[in-house]
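The values are calculated or read from the model by the stated rules, or taken from the named source; none is laboratory data. Values in this document were obtained by computation on a predicted structure and should not be read as measured data. Here the Cβ positions follow ideal geometry from the backbone for every residue, glycine too, while neighbour counts run over all protein chains shown. Note: accessible area is taken over every heavy atom of the protein model, side chains too, but ligands, DNA and RNA are not part of it. Shrake-Rupley method; radii C 1.70, N 1.55, O 1.52, S 1.80 Å.
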Amino acid sequence: MTETPLFRYTLRLADNALVLGHRLSEWVGRAPVLEEDLALGNLGLDLIGQARAFYVYAGEIEGRGRDEDALAYLRDAGEYCNVLLVEQPNGDFAATMMRQLFYSAFAHPFFEALQKSRDATLAAIAAKAVKEMAYHVRHSAEWVIRLGDGTDESHRRAQQAADDLWTYTGELFEADAVERALIEAGIAPDTAALRASFDNAINDVFDEATLQRPGSGFMQSGGRDGRHSEHLGFILTELQFLQRVYPGAKW
Amino acid sequence: MYTQALNIKDMAAAAEDSAFDARFQSRVDAEEKIEPNDWMPDAYRRTLVRQIAQHAHSEIVGMLPEGNWITRAPSLKRKAALLAKVQDEGGHGAYLYAAAETLGVSREDLVEQLLDGKQKYSSIFNYPTLSWADIGIIGWLVDGAAIMNQIPLCRCSYGPYARAMIRICKEESFHQRQGYEIMVTLCRDGTPEQKAMAQDALNRWWWPVLMMFGPSDKDSQHTDKSMRWKIKRFTNDDLRQKFIDATVPQGQYLGLTFPDPAMKHNDRTGHWEHGEIDWSEFKRVVAGDGPCNRQRMKQRRDANENGAWVREAALAFAQKRRARAEAAARIAAE
């Protein structure tokens, strides 16, 4: 059975949210200040909540009886279709905040546009997610500004994070055949149209942070088609371990 | 910001005055709340700082054993619930530190004392979480025991602590139900492997949980004074007994066996009697030789050290921003 574009598309949205939420949850108990332990947990919870809503819907679209956990816990890395950006390691606090800024500066206008989708379920999930992503942009932007314009060390780390992660931002705006079919049907927003909003947000933050925006350079991609970095396998190993060791058990 | 300035005792001589002491005690006896700027005996203040700080530290260190399992939680629902729970604990830590700050200490100092090993946290968190069932057990038993200890603190004589505890207890009782629900899923609806996992977890955690109530009354150092000041309202042994009586039927419903061959119901008193607690283990773990004391402290120290550059950056940025605002105001004024 071939999967429908809508299933694939919804799964991509779910995987993005789960993998980034999982990454953020790795911070718990390790953050630089207690308030950030709480904030990073909050961001992670938002994303895991989004992932669950998208997985449930993907399962319905597919109609083969897979629920949110079957989709999250029983697919291998090659079947995961998140963008490469979200699976990048947490690194230091600057890398985590930069990754969050890049993702949310895309996701916020994206969900804003997805609210107008002709697919009522996607539109409804987007309506909730857009508010959350607005907060993610604000929180990560504030930190990138503080770090960029803080001490020499924090400036150096923030610039390094930007330079290392920039190569994963191109994939956010790619539209393949799956996506184009849905754009034409009025279900998916055209991400190319979101580019200006992303650029403006990043430029404003980088100016205030006294950071150099990285040059265009080569853009890595492939995650959405299941070609991942080495990191995803380790995430799934940890994420899926109980479901794999005790097949069929209910938790 | 903390309120030390408001609490400086400019009446050192008067403080010794037994009239103050008597008035203080009569207010406590009348169940009035003592507030931050009220006169209070030094020893009362010290006892509270010690207890609230220890409680706050316990919340923060308590995030670690459960935090272990966030990335391995077996379903998305469990993952979200555990992440939210661990976050609640961080939140409890935050408002307990705030309550301690009303007594003239700062969070930074208290954290430093924790990291230097000068202040303690609950010993229960020095035990490892080895399976998913441990997450159920922590909710059911560790949070259950904490609630027994903490419900009376909602009526504690010190206002800020009492008020913090009201909110904390509400969240803890939600955690406790959540933990028990994990146990029900494992034990009543689970596979034989899941039941075995649950039994193993109970075997490892039962005795350490009983130790959470502290030494037996005959060996407890702090009880008398704390009772008189209404910081404490029940003795360690009373609370332990209440906990056991509430918990045994819950364990029986799960079909689990408590790892105490001497446990039996006394039909005359209506209480469950338990075997001898191994207080040498308790003393050893408190003294630093529990299975995870070193790991827990190392994780806290690492987080603190690895985050130092972030805190410095935030401070430097705030100073720059203030300087720029002042400069702009000067220019505007000229």
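General remarks:
- Note on chain B: helix-only mean residue ellipticity at 222 nm, from DSSP H runs of 4+ residues weighted -39500 (n - 2.57) and normalised by residue number, equals -21000 deg cm²/dmol.
- Whole-number D in µm² s⁻¹ for the range B:45-178, Kirkwood Cα-pair radius fed into Stokes-Einstein, 25 °C, 0.890 mPa s: 162 µm²/s
- Lys, Arg +1 and Asp, Glu -1 on Cβ, resulting dipole of chain B about Cα centre, debye, nearest 20: 760 debye
- Computed from backbone phi with θ = phi - 60° and the Karplus coefficients 6.51, -1.76 and 1.60, the 3J(HN,Hα) list for the range B:251-268 is x, 5, 4, 6, x, 9, 10, 6, x, 9, x, 8, 5, 8, 7, 9, 5, 6 Hz; x is used for glycine and proline.
- Between B:A308 and B:L130, the simple spin-label model (points 7 angstrom out along Cα→Cβ) gives 3.6 nm.
- Environment charge at A:G21 (Cβ cut-off 12 Å; Lys +1, Arg +1, Asp -1, Glu -1): -2
- Cα centroid separation, the range A:80-134 to the range B:27-91: 33 Å.
- Carbon/sulfur fraction of accessible area - the range A:5-245, other protein chains in place, 1.4 Å, %: 51 percent
- Net charge in the neighbourhood of A:R8 (other residues with Cβ under 13 Å of its Cβ; Lys, Arg +1, Asp, Glu -1) is -3.
- Cα convex hull of the range B:150-266 - mean projected area over all directions, nm²: 8.4 nm²
- Distance between the range B:113-140 and the range B:313-327 - C-alpha centres, whole angstrom: 39 Å
- You can think of it this way: the chain between B:D238 and B:E171 has 21.8 nm of extra reach, that is 0.36 nm per residue less the Cα-Cα gap.
- Here the range B:223-333 has 53 percent of its accessible surface on carbon and sulfur atoms, given a 1.4 Å probe and all protein chains in place.
- Rounded to the nearest 20, the size of the Cβ-charge dipole of the protein assembly as shown about its Cα centre is 800 debye, with Lys and Arg at +1 and Asp and Glu at -1.
- Alpha-carbon Debye profile of chain B, log10 I(q)/I(0) at 0.10, 0.12, 0.15 Å⁻¹: -0.68, -0.93, -1.32
- Per residue of A:118-125, other chain Cβ atoms within 10 Å of the residue Cβ number 0 on average.
- Given charges at Cβ of Lys, Arg, Asp, Glu: the protein assembly as shown dipole, positive-most of B:C187, B:Q25, A:F241: B:Q25
- For chain A, the 222 nm mean residue ellipticity estimated from helices alone, with every DSSP H stretch of n ≥ 4 adding -39500 (n - 2.57) and the total spread over all residues, rounds to -21500 deg cm²/dmol.
- Once both labels are positioned 7 Å from their Cα atoms along Cα-to-Cβ, the gap between B:R155 and B:A98 label points is 2.6 nm.
- Size of the B/A contact, given as accessible area buried on both chains, probe 1.4 Å, in Å²: 4000 Å²
- Summing Lys and Arg as +1 and Asp and Glu as -1 over all other residues whose Cβ lies under 13 Å from the Cβ of A:V56 gives a net charge of -2.
- One chain, two ends: B:A30 and B:A43. Fully extended at 0.36 nm per residue, the span grows by 2.7 nm beyond their Cα-Cα distance.
- Relative contact order for the range A:1-112, counting Cα pairs under 8 Å that sit 6 or more residues apart, in percent: 33 percent
- Phi to ³J(HN,Hα) by Karplus 6.51 cos²θ - 1.76 cosθ + 1.60 over the range A:59-73, Hz, x for Gly, Pro: x, 5, 4, 5, x, 10, x, 7, 9, 4, 6, 4, 6, 7, 9
- Both radii come from the Cα set of the protein assembly as shown: Rg as radius of gyration, Rh as Kirkwood radius; their ratio Rg/Rh reads 1.02.
- Under a Gaussian network description of chain B, with springs only between Cα atoms under 10 Å, the residue in B:D267, B:D217, B:D302 that fluctuates furthest is B:D267.
- Average accessible area per residue (Å²) across the range A:5-245 - probe 1.4 Å, nucleic acids and ligands excluded: 37 Å²
- Coupling constants for the range A:27-41 follow from the phi torsions by the Karplus curve (6.51 cos²θ - 1.76 cosθ + 1.60, θ = phi - 60°), and in residue order they are 6, 3, x, 10, 6, x, 9, 3, 4, 6, 4, 6, 5, 5, x Hz; glycine and proline get x.
- Peptide B:295-304 - average C-beta neighbours from other chains (10 Å radius): 2
- B:K320 versus A:A127: modelled label distance in nm, points set 7 Å from Cα along the beta carbon direction: 4.2 nm
- Taking the Kirkwood radius as Rh and the Cα radius of gyration as Rg, chain A has a ratio of Rg/Rh equal to 0.96.
- Sequence-distant residues sharing a close amide H with B:I34 (under 5 Å, placed H): B:Y158, B:G159
- Each principal axis of the Cα cloud of the range B:109-197 was taken in turn, and the coordinate range along them, longest first, works out to 48, 31, 13 Å.
- Each of B:W140, B:P152, B:N126 was placed along the dipole of the range B:113-180 (beta-carbon charges, centred on the mean Cα), and the one lying farthest toward the positive end is B:P152.
- Efficiency of FRET between B:D278 and B:A196 - r from beta-carbon atoms, R0 25 angstrom, step 0.05: 0.55
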